[in-house]
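Here is the structure we will look at.
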Amino acid sequence: MGMTMTQKILAAAAGLSEVKAGQLIEADLNLVLGNDITSPVAIHEMEKLNKKEVFDKDKIALVLDHFVPNKDIKSAEHCKCVREFACKNEVTNFFDVGEMGIEHALLPEKGLVVAGDVVIGADSHTCTYGALGAFSTGVGSTDMAAGMATGKAWFKVPSAIKFELTGRPKKWISGKDVILHIIGMIGVDGALYKSMEFTGDGVANLSMDDRFTIANMAIEAGGKNGIFPVDRAAEQYMKEHSARPYQIYEADPDAEYDETFVIDLSELEPTVAFPHLPENTKTVAEAGEVKIDQVVIGSCTNGRIEDMRVAAEILKGRKVKKGVRCIVIPATQKIYLQAMEEGLLKTFIEAGAVVSTPTCGPCLGGYMGILAAGERCVSTTNRNFVGRMGHVDSEVYLASPAVAAASAVTGKISEPSEIGC
Amino acid sequence: MQAKGHVFKFGDNVDTDVIIPARYLNSSDPAELAKHCMEDIDRTFIDRVQPGDIIVAEKNFGCGSSREHAPIAIKAAGVSCVIAETFARIFYRNSINIGLPIIECPEAAKGIEAGDEVEIDFDSGMIYNRTKGAQFQGQAFPPFMQKIIAAEGLISYINGKK
Ligand code: SF4
């Protein structure tokens, strides 16, 4: 029987000619990732191991991004713990303040992940790298500790759902609308334990930044990973960012899928996920009058350069509505610099938005934009759970950078066409 | 191995943000995390939970962030087992890796109510509702995972492996 793209990568990493859904395997890892929240737990677990050294100092990435620059004393101590560990083990890819960015935007940009890789990260959005044709998935800190010491991880081989994308999205429709539409359709556990494999002619009409956004939110449908075929755009991206050789895997023509969905990208409309689950989607047209207090444009989902450009295009020559706080957070130092050189930061500031150094910050209710009781935020992040951005009685509405920027101008959930864009 | 206790019942999609809110993630001390376990979904949970008590939930328990702090907080709060219709996958593997027993059993998730007294036999996967006199067959772990659980988690399993 044929294998899916994910199964082929896992078979190769386990040294097997074939794997089947449900099979337990042990796979070799190309990269193990951790951040300032999850790494300290992993480091303490590693201390309990007989073997305390890392398996390969070049195949570990430690990124301080959630609560940095340190938000309080406890965060400072966590970062210090990771810094000391990185120093002691001579971890090549340690990214501290000044070099860091939000991990899932940073790693592809630094060329640390390429097609065919098997990557685990102690962060649920590690699935982002599927955009490059890699198998990557989120794990916990104990898995991270074991991965850092042994270079291996156990996996249950997943079955897959196929999403065949056709057509070309309309103006202002981005990867965020695609993935919110899919999660609305299949639910937050619609892909539980499974791979989400994206295929079809429509893929060519999605930029790499769109694909990162889509793969990033596979976990919001419960997926183990989300993965895209490696086409010219993906190869181009890897050549520009990485010196590492890559390996292209394709699904067998007779691979079995649990389900297949065909999605015509040209039919998609600006989409918003209402509180308190990413599956509560409506089109902006269906949203009704929802007044907002805050807008956040950033995160590992939508803090990339294209997101900055879209937001700036909408905010150019306009003002953030009085009474609304608009917070823009470029995801990495490189994106920050690029946004500065392109004049985007000036546009944001002139519009009355604030621009922050790269950080996860408000995405997980850390700092830099916490909501009070009763407040509402339109955010380009990926989760709108109860209390995710602050008070348990606050609300987060997930949307694309285009919708977020337009909403900042009107003070209510809006699409760009409402302000003449 | 067995567990016995009273049940705290939850619905679908209990996410790791309500199990342990991110505002407490600047600590990784189990006792400290336990103090805030379930705080954003049930403020009284931590005052009422007794050692050995059991959490029963519906679909997709533990969805969201990969924070291992979530199963750690539940275990440190004294919970002996979580039964759910389904678990989110990262929560599932984290629980195994830290040695928190979890069982998937849709029938038990439906047939058990808050406050019921429940007993679980982990070797057989049997779940007994002592209050209602019902019993359910939960899913047993595959041998590979049994080995990790028997070693009380992935770290000791690796230490014991040659
Ligand atoms: S931006 Fe948000 S979702 Fe992404 S890694 Fe940071 S906290 Fe997690």
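At a glance:
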{"read-out": "11 Å beta-carbon shell around A:Phe274, net charge (K/R +1, D/E -1)", "value": "-1"}
{"read-out": "Solvent-accessible area per residue for chain A (1.4 angstrom probe, square angstrom)", "value": "34 Å²"}
{"read-out": "Members of segment A:78-125 that become less accessible by 10 Å² or more once partner protein chains are added (1.4 angstrom probe, chain alone as reference)", "value": "A:His78, A:Ser124"}
{"read-out": "Karplus-derived 3J(HN,Hα), 6.51/-1.76/1.60, for each residue of segment A:330-342, Hz, glycine and proline x", "value": "x, 6, 9, 4, 5, 5, 4, 5, 4, 5, 5, 5, 7"}
{"read-out": "DSSP bridge orientation in segment B:14-162 - percent antiparallel, rounded to nearest 5", "value": "45 percent"}
{"read-out": "Prolate/oblate/rounded label for segment A:6-90 (Cα gyration tensor, a/c 1.5)", "value": "prolate"}
{"read-out": "Complex-versus-alone comparison for segment A:188-212, residues with a loss of 20 Å² or more in accessible area, probe 1.4 Å", "value": "A:Val188, A:Asp189, A:Leu192, A:Tyr193"}
{"read-out": "Number of partner chain Cβ atoms within 10 Å, mean per residue of A:385-394", "value": "5"}
{"read-out": "Placed amide H near A:Phe94: partners under 5 Å, 5+ positions off or other chain", "value": "A:Leu62"}
{"read-out": "Antiparallel bridges, percent of DSSP beta bridges restricted to segment A:275-420 (to nearest 5)", "value": "5 percent"}
{"read-out": "Carbon and sulfur %, accessible surface of chain A computed with the full protein complex present, 1.4 Å", "value": "50 percent"}
{"read-out": "Those residues of segment A:266-292 for which accessible area with every protein chain present is at least 10 Å² below the isolated value (1.4 Å probe)", "value": "A:Leu277"}
{"read-out": "Inter-centroid distance (Cα atoms) of segment A:304-324 relative to segment A:145-189, Å", "value": "28 Å"}
{"read-out": "Order of exposure, largest accessible area first, which applies to B:Glu68, A:Glu90, A:Glu350 with probe 1.4 Å", "value": "A:Glu90, A:Glu350, B:Glu68"}
{"read-out": "Theoretical ellipticity at 222 nm over chain A - DSSP helices of four or more residues, -39500 (n - 2.57) apiece, nearest 500", "value": "-8500 deg cm²/dmol"}
{"read-out": "Amide H contacts under 5 Å for B:Phe87, placed H, 5+ residues apart", "value": "B:Asn60, B:Phe61"}
{"read-out": "Rounded accessible area of B:Met1 (nearest 10 Å², 1.4 Å probe)", "value": "120 Å²"}
{"read-out": "Mean ellipticity per residue at 222 nm, deg cm²/dmol - from DSSP H runs of n ≥ 4 across chain B, formula -39500 (n - 2.57)", "value": "-7500 deg cm²/dmol"}
{"read-out": "Inter-centroid distance (Cα atoms) of segment B:55-96 relative to segment A:360-378, Å", "value": "25 Å"}
{"read-out": "Rounded Å value of the spacing that divides the Cα centres of segment A:33-71 and segment B:5-45", "value": "24 Å"}
{"read-out": "³J(HN,Hα), Karplus 6.51/-1.76/1.60, whole Hz, each residue of segment A:252-263, x for Gly, Pro", "value": "5, x, 9, 4, 9, 10, 5, 7, 10, 10, 9, 10"}
{"read-out": "Interface area, B with A, accessible, probe 1.4 Å, both sides summed, Å² nearest 100", "value": "3700 Å²"}
{"read-out": "Rounded percent of accessible protein surface that carbon and sulfur make up, segment B:2-160, 1.4 Å probe", "value": "49 percent"}
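The values are calculated or read from the model by the stated rules, or taken from the named source; none is laboratory data. The model shown is predicted, which means the values in this text are computed figures rather than measured ones. Note that we place each Cβ from the backbone using ideal geometry, even for glycine, and neighbour counts take in every protein chain shown. What goes into the accessible areas is simple: the full protein's heavy atoms, side chains included, and nothing from ligands, DNA or RNA. Shrake-Rupley method; radii C 1.70, N 1.55, O 1.52, S 1.80 Å.
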